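Chemist: One structure coming up, written as structure tokens, with questions to follow.
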Amino acid sequence: MPRHLIDIHDLSVEEIAELITLGEDIIAKPADYQDAAKRLKLATLFFEPSTRTRLSFEAAMLDLGGSILGFASQDSSSAAKGESVADTIRTVQCYADIIAMRHPKEGAPLVAAKHATVPIINAGDGGQNHPTQTLTDLLTLHREFGQLHGLTIGLCGDLKFGRTVHSLIAAMARYPGVHFVLISPKELDTPDYVIEQIKRGGATYQECRQMEPAMPKLDALYMTRVQRERFFNEADYVRLKDSFILTPDKLKRAKKDMIVMHPLPRVNEISVAVDDNPRARYFDQVRYGKFIRMALILKLLGRV
């Protein structure tokens, strides 16, 4: 049976370490991997808009010597005619060796995996999981700090619907000595099931309503946007969207070696004036995303 990645818990801590090590090696010696997936095909099935994730997967496969096919929106697929996820997967696996799939409905990639004879990678499902963004975040943290244990991570903005936040917490809670500072308006608090993951993993946490008091203690600040598409009520979105905006002035209280992360896209939750701050790492995250996805593709295809 093929190996899938639907949830970050599908990977053990040891397997994450192996992927990070492989990603680091690909960064250092890209030429060694340029034919690692030669004559293999990746299908990118994106039922929801994406820039970084889709292009990152495609660039990863091309840099491994493979080829790509797929679609960038539901409207350009047979899903627009009412085709089920199961039938789409049964069709596409006839043409591809591995599939990366994004879908607005939670659980859709899991349904796909149940009907697949090739590896399925969850590239984001609703507000639930985004495991490859989490791998990107873990590689970023590891390159900055040389470890994943003992870090204090601030997560700010939309902690209720943010699948990147949920996946990152699920991963980091398994490392000893990790402390989370959860910064959000009450309406966008971290869901109870995510808090339970923190407790089960042995990590600690605190909840804050303002960014500034938390700043001096953070090793990393993970900003997120308030997502219009996750709201049922436009008035609630408008009221909350500017709740937390990171500016250079707010960073004055931060540690010199603290880093600022963001899964992107950014709207206005990080001032563009922060881009030139030496703590900014969000565009480095974009770059690292390609390398960790290269590592993951090779692992799931059995090429390492």
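Chemist: Return the pairs, sorted by first residue and then second, in which the second residue is among the small types (G, A, S) and outside any helix (DSSP H, G or I), the first residue lies in the stretch 126-150 and is at positive phi, the beta carbons are less than 7 Å apart, and the residues are 6+ apart or on different chains.
Modeler: Close Cβ pairs satisfying both conditions: G150/G177.
Chemist: Just checking, does the stretch 41-61 include any residue being at positive phi and not polar (S, T, N, Q)? Give the derivation first.
Modeler: Initially, the stretch 41-61 is screened for residues at positive phi, giving none.
No.
Chemist: Find all pairs meeting these conditions: Cβ atoms under 6 angstrom apart; at least six residues apart or on different chains; first residue within the stretch 90-112 and under 15 Å from R163 (Cα atoms); second residue assigned to a loop (DSSP other than H, G, I, E, B) and among the hydroxyl-bearing types (S, T, Y).
Modeler: Qualifying pairs under 6 Å: R102/S50.
Chemist: Could you look through the stretch 15-32, keep only residues that are of a type outside the set (D, E) and over 23 Å from the mean Cα position of the chain (by Cα), and pick out the one that is farthest from Q147 (Cα to Cα)? Let's see the steps before the verdict.
Modeler: Of all residues in the stretch 15-32, those of a type outside the set (D, E) come to 16-17, 19-23, 26-31.
Right, trim to over 23 Å from the mean Cα position of the chain (by Cα) and you get 29, 31.
On the way: K29: 21, A31: 26 Å.
Per the stated criteria, the residue is A31.
Chemist: Within the stretch 195-224, which residues are assigned to a helix (DSSP H, G or I) and among the polar types (S, T, N, Q)? Before you say what the answer is, go through the steps one by one.
Modeler: The initial filter retains those residues of the stretch 195-224 that are assigned to a helix (DSSP H, G or I), namely 195-201, 212-217.
Q197, the sole residue that qualifies.
Chemist: Could we say that V165 is among the hydrophobic types (A, V, I, L, M, F, W, C), under 17 Å from K217 (Cβ atoms) and surrounded by 21 or more Cβ atoms within 10 Å (Cβ to Cβ) here?
Modeler: Numbers: among the hydrophobic types (A, V, I, L, M, F, W, C): yes; under 17 Å from K217 (Cβ atoms): no; surrounded by 21 or more Cβ atoms within 10 Å (Cβ to Cβ): yes.
It is false that V165 is among the hydrophobic types (A, V, I, L, M, F, W, C), under 17 Å from K217 (Cβ atoms) and surrounded by 21 or more Cβ atoms within 10 Å (Cβ to Cβ).
Chemist: Within the bounds of the stretch 154-169, is there any residue that is without any contact (Cβ under 8 Å) to a residue 40 or more places away in the chain and hydrophobic (A, V, I, L, M, F, W, C)?
Modeler: yes
Chemist: Which members of the stretch 109-154 meet the condition of being in a helix (DSSP H, G or I), of a type in the set (A, V, I, L, M) and either under 21 Å from L182 (Cα atoms) or open to solvent by 10 Å² or more (accessible area, probe 1.4 Å) (or both)?
Modeler: As a first pass, look at the stretch 109-154 and keep what is in a helix (DSSP H, G or I): 109-114, 131-145.
Filter again for of a type in the set (A, V, I, L, M), leaving 110-113, 135, 138-139, 141.
Once the filter is applied, which keeps residues that are in a helix (DSSP H, G or I), of a type in the set (A, V, I, L, M) and either under 21 Å from L182 (Cα atoms) or open to solvent by 10 Å² or more (accessible area, probe 1.4 Å) (or both), the stretch 109-154 yields L110, V111, A113, L135, L138, L141.
Chemist: Now a separate question. Provide a single number: the residues in the stretch 31-51 that are in contact with a helix residue (DSSP H, G or I) (Cβ under 7 Å, 6 or more places away or on another chain) and not in a loop (DSSP other than H, G, I, E, B).
Modeler: Qualifying residue count, the stretch 31-51: 6.
Chemist: Is it fair to say L221 is within 26 Å of A123 (Cβ to Cβ), touching a Cys at 6+ places or on another chain (Cβ under 8 Å) and touching a residue at least 60 places away in the same chain (Cβ under 8 Å)? Quick ask: steps written out before the conclusion?
Modeler: Details: within 26 Å of A123 (Cβ to Cβ): yes; touching a Cys at 6+ places or on another chain (Cβ under 8 Å): yes; touching a residue at least 60 places away in the same chain (Cβ under 8 Å): yes.
When the stated conditions are applied, L221 passes them.
Chemist: Inspect all residues belonging to the stretch 52-62 and state whether any of them is among the polar types (S, T, N, Q), closer than 27 Å to H142 by Cα, open to solvent by less than 80 Å² (accessible area, probe 1.4 Å) and out of contact with any helix residue (DSSP H, G or I) (no Cβ under 8 Å at 6 or more places or on another chain). So that I can check it myself, show each step before the final result.
Modeler: As a first pass, look at the stretch 52-62 and keep what is among the polar types (S, T, N, Q): 53, 56.
Within this subset, residues satisfying the condition of being closer than 27 Å to H142 by Cα are 53, 56.
From what is left, the residues that are open to solvent by less than 80 Å² (accessible area, probe 1.4 Å) are 53, 56.
Remaining after also requiring out of contact with any helix residue (DSSP H, G or I) (no Cβ under 8 Å at 6 or more places or on another chain): none.
No, the stretch 52-62 has no match at all.
Chemist: Follow-up. Which one of these does I292 not meet: (1) free of Cβ contacts under 8 Å to residues at least 60 places away in the same chain; (2) under 15 Å from L139 (Cα atoms)?
Modeler: Condition (1) is where I292 drops out.
The values are calculated or read from the model by the stated rules, or taken from the named source; none is laboratory data. These numbers come from a predicted model, not from an experiment. Quick reminder, even Gly has a Cβ in these numbers, built from the backbone with ideal geometry, and neighbours come from all protein chains shown. Side chains are part of the model used for accessible areas, which takes the heavy atoms of the whole protein and leaves out ligands, DNA and RNA. Shrake-Rupley method; radii C 1.70, N 1.55, O 1.52, S 1.80 Å.
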